[in-house]
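> Below is one structure. I have some questions about it.
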Amino acid sequence: MKKVKLISPIDGSIYIKREVASEQAAKETIANAKHAQTAWANRSIDERTKLVMSGIEKLGEMNEEITLELAHQMGRPIRYGGEFSGVSERSNYMASIAKKSLHPILIENSERFERKIKRVPHGLVFVIAPWNYPYMTAINSIVPALIAGNVVILKHASQTLKVGERLEQALHAGGVPKAVFQNIVLDHQTTSNLIADNNFDFINFTGSVGGGKAIEKAAAGTFTPIGLELGGKDPAYVMEDADIDLAVETLIDGAMFNSGQSCCGIERIYVCEKLYDEFVKKAVAIVSQYKLGNPLDKETTLGPLAHDRFSQDIRAQINEAIAMGATPMIDGDLFPEDNGGAYLAPQILTNVTHDMRIMMDETFGPAVGIMKVSTDEEAISLMNDSEFGLTASLWTKDIERAKDIADQIETGTVFMNRADYIDPALCWTGCKNTGRGGAMSEIGYHNLTRPKSYHLVKGN
């Protein structure tokens, strides 16, 4: 039996091993889910919501254990306390809007006609979740999918295998039937085979551009609807009237939190000439105070990356940029814990250009480039000079100026005076190579259901 090994970034040891499901076993899981879907969908929205939210409560009761598990699995320091606050916020909001979002659209109910559009579940939703925010990214789809009447099969990343197990444990403890939500361990080939065989009614994938392409290739010809959240290279633009202290604090945290392993983390910063030197000075001061180390140590503010191989490309990006003329602003001697493996010192680079990978490729680590700009037009051009489009962060006191710039940016979400946050009331979406579809908000429910029209003639 094939097994997957989860290597802890803390020390490179094997944290857990799990058996990979065979294709036959996976098809049995799928059959169980499909058999359970009709009965689940026939329950009221109120009942489904109550059971799902009871499961979320059970998850919250496990948070202390989960926080330690996340440190072992993907390196996030325990001082940050896991992800339950975000899970709770998103789940509660999606539960609160479920009835309104799923309510039929009544066109006419007269003596002669009843015409309406219902939102009906797709059926079996396959969620493929990433390791970087393993609970929140999974919950984005799982909670609304279940509330909408779908059944869900979750395949979690091999780096965060225990997350899928915890979600299954919690939801079942809350009363969600076992066949309605199932966690499964699969390899890439079996996953592709199952998709190609048209086993799923909707697929939601969060991960790399390469992974998204593999999903689309496997699904070709099946007409399976797919939601994709892929790469990002999220920019920020700091204008001359910005609150510089708040901008520096927020953007550097957005670049470095979770060791920079965030889909919507800040990866490139453009600062007006007037504030540039002060911004860089303040940014360097903040990062120089970080403590890189074992995530189980409560003093640690920056843990290891999730795996050695993830840090290799980031080091290469940094070294290539320096060789091309970029200036490293963070003294590596401040971070002796950088071991050339998963523990990677943070870095701020100046004198960067868009000829460098550090400003063009997804970095997904604790490194950010800062460029000086002269005009809004220059900043807009640079922000749009990317294959990705997830979020952009604008810093100014002038909301009309921000809205004008926002209208010109190719992105899924625009922030003004904040960054790196998912508002569950707004659609979480992207453009270009960031993907397609959308999670959260009422639109999230629309993507997890399909419209069904009723044109009923009364009498003869």
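> Just checking, which of ALA218, ALA214, ALA179 is surrounded by fewer than 23 Cβ atoms within 10 Å (Cβ to Cβ) and under 22 Å from GLU47 (Cα atoms)?
Numbers: ALA218 fails: under 22 Å from GLU47 (Cα atoms); ALA214 fails: under 22 Å from GLU47 (Cα atoms).
Exactly one of ALA218, ALA214, ALA179 is surrounded by fewer than 23 Cβ atoms within 10 Å (Cβ to Cβ) and under 22 Å from GLU47 (Cα atoms), namely ALA179.
> Report, by residue number, each residue of segment 336-395 that is free of Cβ contacts under 8 Å to residues at least 60 places away in the same chain and at positive phi.
GLY340, ASN351, listed by residue number.
> State which residue is surrounded by the fewest Cβ atoms within 10 Å (Cβ to Cβ) when the search covers only segment 9-44 and only residues that are within 16 Å of ALA157 (Cα to Cα) and among the aliphatic types (A, V, I, L, M). Reasoning before the result, please.
First, the residues of segment 9-44 that are within 16 Å of ALA157 (Cα to Cα): 9, 14-21.
So of that shortlist, the ones also among the aliphatic types (A, V, I, L, M) come out as 14, 16, 20-21.
Values: ILE14: 9, ILE16: 16, VAL20: 16, ALA21: 20.
Among them, the one singled out is ILE14.
> Is it the case, given these coordinates, that GLY231 is at pLDDT below 95 and farther than 25 Å from LEU68 by Cβ?
Values: at pLDDT below 95: yes; farther than 25 Å from LEU68 by Cβ: yes.
So GLY231 passes the test.
> Would you confirm, using the coordinates I've provided, whether ILE56 is touching a helix residue (DSSP H, G or I) at 6+ places or on another chain (Cβ under 6 Å) and part of a helix (DSSP H, G or I)? Explain how you work it out, then say what you get.
Values: touching a helix residue (DSSP H, G or I) at 6+ places or on another chain (Cβ under 6 Å): yes; part of a helix (DSSP H, G or I): yes.
Taking the combined requirement at face value, the residue satisfies it.
> Right, here's the next one. Which one of these does ASN193 not meet: (1) in the same structural domain as VAL180 (by TED's automatic domain parsing); (2) closer than 23 Å to ALA392 by Cβ?
With (1) in the same structural domain as VAL180 (by TED's automatic domain parsing); (2) closer than 23 Å to ALA392 by Cβ applied to ASN193, the lone miss is (2).
> With (1) at negative phi; (2) touching a residue at least 60 places away in the same chain (Cβ under 8 Å); (3) surrounded by fewer than 22 Cβ atoms within 10 Å (Cβ to Cβ) as the list, and ASP197 as the residue in question, which single condition is left unmet?
For ASP197, the failing item is (2).
> Only residues that are within 30 Å of ASN294 (Cβ to Cβ) and among the aromatic types (Phe, Trp, Tyr): list them for segment 80-119, please. Walk me through it before giving the result.
So in segment 80-119, the residues within 30 Å of ASN294 (Cβ to Cβ) come out as 80-90.
Within segment 80-119, TYR80, PHE84 meet the criteria.
> How about segment 269-286: which of its residues are buried (at least 22 other Cβ atoms within 10 Å of the Cβ) and among the aliphatic types (A, V, I, L, M)?
Matches in segment 269-286: ILE269, VAL271, ALA283.
> Can I ask one more? Against the condition within 24 Å of LYS118 (Cα to Cα), outside any loop (DSSP other than H, G, I, E, B), out of contact with any helix residue (DSSP H, G or I) (no Cβ under 7 Å at 6 or more places or on another chain) and not basic (Lys, Arg), how does TYR445 come out, does it pass? Before you say what the answer is, go through the steps one by one.
Details: within 24 Å of LYS118 (Cα to Cα): yes; outside any loop (DSSP other than H, G, I, E, B): yes; out of contact with any helix residue (DSSP H, G or I) (no Cβ under 7 Å at 6 or more places or on another chain): no; not basic (Lys, Arg): yes.
Answer is no for this residue.
> Moving on. Looking at segment 404-428, which of its residues are touching a residue at least 60 places away in the same chain (Cβ under 8 Å) and assigned to a strand (DSSP E or B)?
Of everything in segment 404-428, those that are touching a residue at least 60 places away in the same chain (Cβ under 8 Å) and assigned to a strand (DSSP E or B) turn out to be THR413, TRP428.
> Which one of these does SER141 not meet: (1) crowded, with 24+ Cβ neighbours inside 10 Å; (2) of a type in the set (Ser, Thr, Tyr); (3) not assigned by TED's automatic domain parsing to the domain that holds GLU65?
(3)
Yes or no, residue by residue, for (1) out of contact with any Leu (no Cβ under 8 Å at 6 or more places or on another chain); (2) closer than 30 Å to GLY260 by Cβ:
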residue	(1), (2)
ALA25	yes, no
ALA33	no, no
GLU69	yes, yes
PHE84	no, yes
ILE107	yes, no
ARG112	yes, no
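> Which of the numbered conditions does MET416 fail, given that it passes all the others? Conditions: (1) at pLDDT 95 or above; (2) under 30 Å from MET74 (Cβ atoms); (3) not assigned by TED's automatic domain parsing to the domain that holds SER91.
MET416 satisfies every listed condition except (2).
> For segment 82-92, check the following and say yes or no: at least one residue is acidic (Asp, Glu), touching a Phe, Trp or Tyr at 6+ places or on another chain (Cβ under 6 Å) and within 22 Å of GLN169 (Cβ to Cβ). Talk me through it step by step, then tell me what you get.
Keep residues of segment 82-92 that are acidic (Asp, Glu), which gives 83, 89.
Within this subset, residues satisfying the condition of being touching a Phe, Trp or Tyr at 6+ places or on another chain (Cβ under 6 Å) are 83.
Checking which are within 22 Å of GLN169 (Cβ to Cβ) leaves us with 83.
Yes, because at least one residue in segment 82-92 is acidic (Asp, Glu), touching a Phe, Trp or Tyr at 6+ places or on another chain (Cβ under 6 Å) and within 22 Å of GLN169 (Cβ to Cβ).
> May I ask you to say which residue of THR206, THR250 is closer than 19 Å to ASN132 by Cα, among the hydroxyl-bearing types (Ser, Thr, Tyr), crowded, with 21+ Cβ neighbours inside 10 Å and under 20 Å from the mean Cα position of the chain (by Cα)?
Going through THR206, THR250 in turn, just one is closer than 19 Å to ASN132 by Cα, among the hydroxyl-bearing types (Ser, Thr, Tyr), crowded, with 21+ Cβ neighbours inside 10 Å and under 20 Å from the mean Cα position of the chain (by Cα): THR206.
> What tally of residues in segment 72-105 results from selecting those that are hydrophobic (A, V, I, L, M, F, W, C) and more than 19 Å from ALA148 (Cβ to Cβ)? Show your work before the answer.
Our first condition is that a residue be hydrophobic (A, V, I, L, M, F, W, C); within segment 72-105, this holds for 74, 78, 84, 87, 94-95, 97-98, 102, 105.
In the following step, the residues that additionally are more than 19 Å from ALA148 (Cβ to Cβ) were identified as 74, 78, 84.
Final tally of qualifying residues: 3.
> Related question: Among the residues of segment 260-279, which ones are within 28 Å of ALA306 (Cα to Cα) and not in a strand (DSSP E or B)?
GLY260, GLN261, SER262, CYS263, CYS264, GLY265
The values are calculated or read from the model by the stated rules, or taken from the named source; none is laboratory data. Keep in mind the model is a prediction, meaning the values are calculated, not measured. Backbone-built Cβ (ideal geometry, glycine too); neighbour counts: all protein chains shown.
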